[in-house]
Amino acid sequence: MGEEEGRKEWARHWQYAELPGLDLLRAHYVRHTFPRHAHDGYVIAAVTGGIEQIGLPGGTLRAGPGSVVLINPEVPHSARAGVPEGWAYATLYPSRALITEVAAEIGTLRGTPGFTTDMVTDPQTSQVITEVHRAAEAGNALAADTLLRGAVARMLSRHAGPLPVRTVRRAGAADAERARAVLAGRMSDPPSLEQLAAELGTSPFALLRAFRERYGMPPHTWLTDARVRQARRLLDAGTPPAEAAVAVGFTDQPHLNRHFTRIVGVPPGAYRRGRAG
């Protein structure tokens with residue numbers, strides 16, 4: 001690969017029909033940065049080149065080749081290149097149902113499992129994750145499913161326990177949860193921070209502080225992420241991007257395109273095409 005090709009960004013985010021409950025992303029990013037966001041399901045990512053810098057609630061990780069990044073559902077995180085040449089990776093996004101199913105099959109975990117570490121050095125599993133992608137891209141369902149379950153089982157058996165349940169420790173956390181519910185219910189026409197605080201009987205600053213502590217991001221960042229997640233569900237159901245943009249509260253399709261691409265890693269059109277994979 002030439003130097004110019006090595007600095008080119010590309011990404012494919014898709015689903016393979018023979019692997020239900022799984023999204024796949026293989027990409028090379030140089031300038032792209034993922035803002036703080038969260039996922040409904042899990043992230044199992046194998047960095048194959050360069051360095052990925054991941055911002056997590058507990059600090060910043062630098063993941064290079066041979067490492068596997070493990071992120072639980074609803075954990076806020078960001079990502080960017082950790083070196084000028086960027087990073088390449090192969091990522092699995094298994095649903096909660098798929099993780100729970102594999103955990104039940106291996107029989108070592110009770111309840112909903114959660115990863116107990118954010119990153120491991122495991123070149124063998126990293127290689128298997130890339131082979132899941134290759135098998136899916138080649139249409140080899142037997143190999144893809146076998147490799148997928150093997151990689152997930154290895155990570156669960158070595159690096160998982162019961163999924164931690166976040167408890168409401170402070171009075172402000174209840175206000176944060178109520179604020180989240182209001183924003184989710186009024187996604188297309190949300191109140192201002194001042195209006196939201198007044199509705200909940202608190203102050204804007206106290207609500208902002210409580211929301212950041214509870215969800216790892218301020219309300220406006222959470223709302224953008226929630227809108228993109230809802231737009232993904234609408235696109236999955238066949239809604240055209242322009243309609244999805246309006247439905248979730250973006251001003252127009254370019255507004256959706258900008259935020260969707262930053263958070264998901266590919267534009268809405270490419271995302272839709274990948275759902276038929």
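Keeping all protein chains in position, work out how much accessible area Phe205 exposes to a 1.4 Å probe, and write it in Å² to the nearest 10.
Per-residue accessible area (Phe205): approximately 140 Å².
In Å², and per residue, what accessible area does region 64-184 have when probed at 1.4 Å with the other protein chains present?
Spelled out: the 1.4 Å probe surface of region 64-184, per residue, equals 47 Å².
With every protein chain left in place, what is the accessible area of Thr146 in Å² (1.4 Å probe, nearest 10)?
Solvent-accessible area, nearest 10 Å²: 90 Å².
Regarding region 184-277, what's the average projected area of the Cα-atom convex hull, expressed in nm²? Provide the component values of the computation, followed by the final result.
On the way: hull surface 25.3 nm².
Seen from a random direction, the Cα hull of region 184-277 projects 6.3 nm² on average.
Taking the chain as a Gaussian network, Cα atoms linked when under 10 Å apart, which of Gln15, Gln195, Gln230 shows the biggest mean-square fluctuation?
Top of the fluctuation ranking is Gln195.
Using only C-alpha atoms and all pairs of different ones, pull out the Kirkwood radius for region 116-273 in Å with one decimal.
18.7
Apply the Karplus curve 6.51 cos²θ - 1.76 cosθ + 1.60, θ = phi - 60°, to the phi angles in region 223-233 and return the couplings in whole Hz, x for Gly and Pro.
5, 4, 4, 5, 5, 5, 5, 5, 4, 4, 5
How large a share of the accessible area of region 166-259, in percent, is made up of carbon and sulfur atoms when the probe is 1.4 Å and the other protein chains stay in place?
Ligands and nucleic acids excluded, carbon and sulfur give 52 percent.
For Gly50, which sequence-distant residues (separation of 5 or more, or a different chain) have an amide H within less than 5 Å of its own amide H, given hydrogens modelled in the peptide plane?
Here Ala88 satisfy the definition.
Could you pull out every residue, at least 5 positions away or on a different chain, whose amide H is within less than 5 Å of the one on Ala160? Hs are placed 1.01 Å off N in the peptide plane, and Pro or chain starts have none.
Amide H neighbours of Ala160, under 5 Å, 5+ apart: Thr116.
Looking only at Ile106, Ile71, Ile44, which one moves most when the chain is put into a Gaussian network model with springs between Cα atoms under 10 Å?
With Cα springs under 10 Å in the chain, the top fluctuation among Ile106, Ile71, Ile44 is at Ile106.
Per DSSP H run of at least 4 residues, take -39500 (n - 2.57); add these up for the chain, divide by its residues and hand me the 222 nm value, nearest 500 deg cm²/dmol.
After summing the helix terms and dividing by the residues of the chain, the value is -14500 deg cm²/dmol.
What ³J(HN,Hα) values, in whole Hz, does the Karplus curve 6.51 cos²θ - 1.76 cosθ + 1.60 give for region 190-198 when θ = phi - 60°, with x put for Gly and Pro?
x, x, 6, 4, 5, 5, 5, 4, 5
For region 1-119, give the magnitude of the charge dipole about the Cα centre (Cβ charges: +1 Lys/Arg, -1 Asp/Glu; no others), in debye to the nearest 20.
So the dipole magnitude of region 1-119 works out to roughly 260 debye.
Only Cα pairs within less than 10 Å get springs; with that Gaussian network setup on the chain, which residue of Ala206, Ala45, Ala171 has the largest fluctuation?
Most flexible of the set in this elastic network: Ala171.
Report the relative contact order of the chain, percent, no decimals, based on alpha-carbon pairs under 8 angstrom and at least 6 residues apart.
Computed over the chain, the figure is 19 percent.
Over the Cα atoms, compute the radius of gyration (one decimal) and Dmax (the largest Cα-Cα distance, rounded to a whole number) for region 107-199, in Å.
20.8, 56
When the dipole is taken about the Cα centre of region 123-277, and only Lys, Arg (+1) and Asp, Glu (-1) are charged at their Cβ, what size is it in debye, to the nearest 20? Show your work: numbers first, answer last.
Working: 22 positive and 13 negative charges, 85 e Å.
With Lys and Arg at +1 and Asp and Glu at -1, about 420 debye.
5 Å is the cut-off here: which amide hydrogens, built 1.01 Å from N in the peptide plane, fall below it relative to Gly66, excluding neighbours closer than 5 in sequence?
Val47
Answer with one residue from Gly139, Val120, Ala171: the one whose Cα lies farthest towards the positive end of the charge dipole of region 97-220, charges on Cβ with Lys, Arg +1 and Asp, Glu -1.
Ala171
Could you work out the Kirkwood radius for the chain, taking every pair of different alpha carbons, averaging 1/r and inverting it, reported in Å? Show your work: numbers first, answer last.
On the way: mean 1/r = 0.0507 Å⁻¹.
19.7 Å is the Kirkwood radius here.
Can you give the percent of C-alpha pairs in region 1-80 whose distance is more than 22 Å?
Roughly 28 percent, once rounded to a whole number.
Along the charge dipole of the chain, Cβ charges K/R +1 and D/E -1, which of Val264, Leu196, Val182 sits furthest on the positive end?
So the residue furthest toward the plus end is Leu196.
Explain nothing, just compute: Karplus ³J(HN,Hα) = 6.51 cos²θ - 1.76 cosθ + 1.60, θ = phi - 60°, for every residue of region 68-79 in order, whole Hz, x for Gly and Pro.
Karplus values, whole Hz, x for Gly and Pro: 10, 8, 10, 10, 7, x, 6, 8, x, 7, 10, 8.
The values are calculated or read from the model by the stated rules, or taken from the named source; none is laboratory data. All of these numbers come straight from a predicted model, not from anything done at the bench. Methodologically, a virtual Cβ is constructed for each residue, glycine included, from the backbone with ideal geometry; neighbour enumeration extends over all protein chains shown. SASA here: full protein model, heavy atoms, side chains in, ligands and nucleic acids out. Shrake-Rupley method; radii C 1.70, N 1.55, O 1.52, S 1.80 Å.
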